[in-house]
1. Treat every Asp and Glu Cβ in the chain as -1 and every Lys and Arg Cβ as +1, leave all other atoms uncharged, and give the resulting dipole magnitude about the Cα centre to the nearest 20 debye.
2. For the range 249-300, what does the alpha-carbon gyration tensor say about shape, rounded, prolate or oblate, given a ≥ b ≥ c as the root eigenvalues, a/c under 1.5 as rounded, and a/b over b/c as prolate?
3. How many nm separate the modelled label positions at residue 52 and residue 126, each set 7 Å beyond the Cα in the direction of the Cβ?
4. Report the charge-dipole magnitude of the range 10-96 in Debye, nearest 20, computed about the Cα centre from +1 at each Lys and Arg Cβ and -1 at each Asp and Glu Cβ.
5. Lysines within cross-link reach of residue 296: Cα-Cα under 17 Å, excluding same-chain residues under 8 positions apart?
6. Using mean Cβ contacts within 10 Å as the protection proxy, how do 299-311, 208-220 order, highest first?
7. With n ≥ 4 as the cut-off for DSSP H runs, can you work out [θ] at 222 nm for the chain, using -39500 (n - 2.57) per run divided by the number of residues, rounded to the nearest 500?
8. Specify whether the C-alpha gyration tensor of the range 72-112 places it in the rounded, prolate or oblate class, a ≥ b ≥ c being the square roots of the eigenvalues: rounded for a/c under 1.5, otherwise prolate if a/b is larger than b/c and oblate if not.
Amino acid sequence: MLMFSIGNLTLPSPFLLSPMAGITDLPFRLLNRSFGCGLAFTEMIGASSVAHGSKYASKMLSTTAEDRPLGIQILGHDSEVIKRSLEMISGAVFDILDLNAACPVKKVVSKGEGAGLLKEPVRFEKIVKGMVEAVPVPVTVKIRTGWDETSVNAVEMALRAEQAGARGLFIHGRTRIQKYSGRVDYDIIGEVKKALKIPVIASGDALTPDLVKKLFDETGCDAVAVARGALGNPWIFRRTAEYLKSGRIAPSPHVHEIADTMRRHLSLNIAFHGERTGVILFRKFFAYYTRGIPLKALTESAVLAKTPDQMVRLIDELWRDPVLNWRRGQKDSGMSQAKGSAFESESGD
Ligand SMILES: Cc1cc2nc3c(=O)[nH]c(=O)nc-3n(C[C@H](O)[C@H](O)[C@H](O)COP(=O)(O)O)c2cc1C
């Protein structure tokens, strides 16, 4: 297996789990790790909410010994607030600290945070420098290609991050204006890779094993961060590793494995969030795992399930019927899984 390093941290695989707000909590990270992801991130955590002692933020920072290596992602605009938030979490366990300069959401960029930082290169560099001075672990930065197509400045931003001491650069190959649609710009990612000495991790449409390979081939990047491709599809990590090794894409997982994985995900959710919230939060994952299944009544029932028993019964029912071995022999469905979903327009980045 290809090893990969960020600063002094050696990662077991170059296929990483990208941060996703509302998704990459401890249960989701543990599940994806079991299929071979080399590094996982918390969702973006607002520096000001950490500085104000937010309970949600401290829940998102919860981790366990198996949840390593772990990256924490910070969202902010003010270097002093970010430094204060880092003092507040100085007891937290993590291996990488990442700055989010990529989130396209309106209420984030309107505060100058996330992709808003792409418009303020000098401030951005100062923030990165402050973070590097504040923590003993490698600092990384996540950017987009630019604000819009007339202001593509990824190479400048990446060089500034490197200059400020960042040890790795994540880049989503789209502009802020594109959000999650339109073409991923492989050329800009390739230019960033050529300009930097630190490793470059590419993000954008890493939806199937062959699209992950395409990111490596077209950009020369050192690693790939998988996001939407892992929704209801943690096997993407195992199948991508196999594909890069053998040149063959393994068939989709057997229905029994899908059902087992859903049950495991549900029980991790319950252990972490408690019965009620664990089941409610699992509803969206039920939809991801079963996207494309022509059984409307079952998928509609999952949206109403309130107890672990109800949810487990639906999972059992779903996979019992052999007619529903719909995935077996099917061509990889990662692409269609990611299309047209609710998160395409308004989510973090
Ligand atoms: C639901 C959702 C939430 C996201 N939240 C974050 C986030 O908190 N931080 C971040 O850096 N990127 C976030 N992203 C962006 C992804 O990490 C990734 O860069 C982007 O989706 C492109 O990769 P993909 O096309 O393979 O999905 C989010 C994406 C989605 C779909």
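The values are calculated or read from the model by the stated rules, or taken from the named source; none is laboratory data. Worth saying up front: this structure is predicted, and the values here are computed from it rather than measured. With ideal geometry, Cβ positions are generated from the backbone for all residues, glycine too; neighbour counts draw on all protein chains shown. Keep in mind that these areas ignore ligands, DNA and RNA; they rest on the heavy atoms of the full protein, side chains included. Shrake-Rupley method; radii C 1.70, N 1.55, O 1.52, S 1.80 Å.
1. Numbers: 46 positive and 38 negative charges, 88 e Å.
It comes to approximately 420 debye.
2. oblate
3. 2.3
4. Values: 7 positive and 8 negative charges, 23 e Å.
About 120 debye.
5. Within reach: 284.
6. With the highest mean Cβ count within 10 Å placed first, the list reads 208-220, 299-311.
7. -12500 deg cm²/dmol
8. It comes out oblate by the Cα gyration axes.
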